[in-house]
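Report on the following structure.
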Amino acid sequence: MIKPSLLCKHMRRPHTKAGLALATALCLSAAPVYAVPPTPPTAPHADAPKEARTEFTGTAALLPDDAITHHTDTFSGHKISYTDHAGTLVLRDDAGKPTARMFYVAYTQDGADPAKRPVSFFFNGGPGGATAYLHLGAAGPTALTFPAGNPTDGANARLALNPDSWLPDTDMVFIDAPGTGWSTPTDPKTADKTFYGVKQDARAFAKTIQLWANTNGRLTSPRYLVGESYGGIRSIEVAEALAQQQNLMVNGIVMISPALDMGLLDTSNSILASALTLPSFEAAKLALQHKLAPETAAHQLDEAYHYALGPYLSTLANTPPTGDAARDFYEEVANHTGLPQDVIAKERGQPQPMAHDVRSRDGRLYTLYDATVSIADPFPEGVDNGDSPDPTLSGFGRAYGSAFENYAAKTLNYRTDLSYELLSMKVNAAWDFRGDGEPMAHQIPILRRLLALNPTLRIFIANGYYDLACPFASARWVTEHIPVGRNRIGLHTYPGGHMLYTRPDSRAALARDVKAFLAP
């Protein structure tokens, strides 16, 4: 999920937008930790024989052997026989010593031509989020569904066949990042340096993908990356690492509610970030007032975008208004966002999406990840942001963890006593956001190079209207400023928030659009 610096877990201290990172998926609302510059981790090497279990110690030794099961199900009228493979791939350093066991679940259609059958590699974000969200939320053959009319009731969410699975159109490999899910570094003392950073993470995923493709004879298959939230940044970095380190080019990238550059999410320090969030506030206001109709939504969101990037941003960039001019500006922003004018005035026209007084209205506490979804506010009198729980991260979103453990044991036949690490605060807190010689890695220049170097690379970006963590306007702004390959980036918006697929209609629409994207 994910989400602005997206939040992984709710932190019991004031949130800052500077540490943008998680997402269902989640971006984390904690400032990134810049550790002492790590020595460059060595690239992982080939997988070890299955029988070499004695080389693992600690938690890595507790993971079970791979499990393979076979199924036949019907999705959207298509009867498909397929194989599930749940297991691990081993990453190694230059000396051949194992550094991690990477947990994955692969779904492959039986009898398909591997040269023509696409294969998509999935990961979530955070950093620190496991891939259960996309797995059970959007694309896998089984989906977790929340009670109709009560989307925050995680206790009564249920697993069932996913009618909108992507399996009719692509084989799928869901991979958990090191330190999340059941992906386990072999040495906890060196995991931070080896895996928990922008570049280290990309190297690990690129090698894992290469290992799976090589082991399964899929090096010539059409290849796609699918990332959510921080997974947007991850997908760009992994695409480059695949090309430069593994000599594998990807055919396309699907980004769901993506963070594309952390600076574009930092509303506490960037007026552009504040402007890009405003249309999501306005979309949520219109939806709550039942004024966002399907036939007019595109026009309404376009008007909100141009107001935000026009009069609103211009006012923020100029000398702050005072007196009547300030009151008029705050009133205008309040009208666009639906937020109380006194809150807008207190925040000087830049409402902070994570602030309690922004999310709390009329006894209800709204989630950063869908500004139309709320719970009863446990602190309606006001509270420090660090004590104000997010309904998605701390509430119903947690249901994906236990649901995946149950699904793995009963359907995939993968049984372990180890808890599935849905959201790892440890990974998030340790994350190194720097690039190679940069104080902060920036992915937009990499995206520009990828589009230029690979003239057939296509990008699919999906956003929810009401997502304040990774707002849809940021994807539009980035796309509009791409000089080469802009026509190969498709923007898609849906009713919903960061985890737009929790709404059945939006999940179905997303699946239909992805089907068209994957078609030859």
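The test for being under 18 Å from ALA511 (Cβ atoms), crowded, with 16+ Cβ neighbours inside 10 Å and either touching a residue at least 60 places away in the same chain (Cβ under 8 Å) or hydrophobic (A, V, I, L, M, F, W, C) (or both) does not hold for THR152. When region 209-220 is filtered for residues that are open to solvent by less than 10 Å² (accessible area, probe 1.4 Å) and touching a helix residue (DSSP H, G or I) at 6+ places or on another chain (Cβ under 7 Å), only ILE209 remains. Restricting attention to region 299-308, the residues that are open to solvent by 10 Å² or more (accessible area, probe 1.4 Å) and either farther than 19 Å from THR372 by Cα or at pLDDT below 95 (or both) total 5.
In region 418-456, how many are more than 30 Å from ASP153 (Cα to Cα) and either open to solvent by less than 50 Å² (accessible area, probe 1.4 Å) or under 21 Å from the mean Cα position of the chain (by Cα) (or both)? Of the residues in that region, 18 qualify. Residues in region 449-475 that are in a helix (DSSP H, G or I) and touching a strand residue (DSSP E or B) at 6+ places or on another chain (Cβ under 7 Å) were compared, and the one that is farthest from VAL254 (Cα to Cα) is PHE472. Of the residues contained in region 500-511, none is found to be more than 18 Å from TRP166 (Cα to Cα) and in the same structural domain as LEU225 (by the TED database).
Checked against (1) open to solvent by 20 Å² or more (accessible area, probe 1.4 Å); (2) at pLDDT 95 or above; (3) in a loop (DSSP other than H, G, I, E, B), GLU51 passes all but condition (2).
The residues listed here are ARG327, ARG415, ARG364, ARG359; of these, the one that is surrounded by fewer than 14 Cβ atoms within 10 Å (Cβ to Cβ) and outside the structural domain of ASP65 (by the TED database) is ARG327.
Are any residues in region 309-322 open to solvent by less than 40 Å² (accessible area, probe 1.4 Å) and free of Cβ contacts under 8 Å to residues at least 40 places away in the same chain, and if so, which ones?
The answer is GLY310, TYR312, PRO321.
Total residues in region 233-260 satisfying the condition of being in a loop (DSSP other than H, G, I, E, B) and touching a Leu at 6+ places or on another chain (Cβ under 9 Å): the figure is 7.
Is it the case that SER314 is part of a helix (DSSP H, G or I), outside the structural domain of VAL198 (by the TED database), of a type in the set (Ser, Thr, Tyr) and farther than 25 Å from GLY227 by Cβ? The answer is yes for SER314.
The values are calculated or read from the model by the stated rules, or taken from the named source; none is laboratory data. The structure presented is a predicted model; accordingly, all values stated were derived computationally and were not measured. Virtual Cβ from ideal backbone geometry, glycine too; neighbours counted across all protein chains shown. The area values use the complete protein model at the heavy-atom level, side chains included, leaving out ligands, DNA and RNA. Shrake-Rupley method; radii C 1.70, N 1.55, O 1.52, S 1.80 Å.
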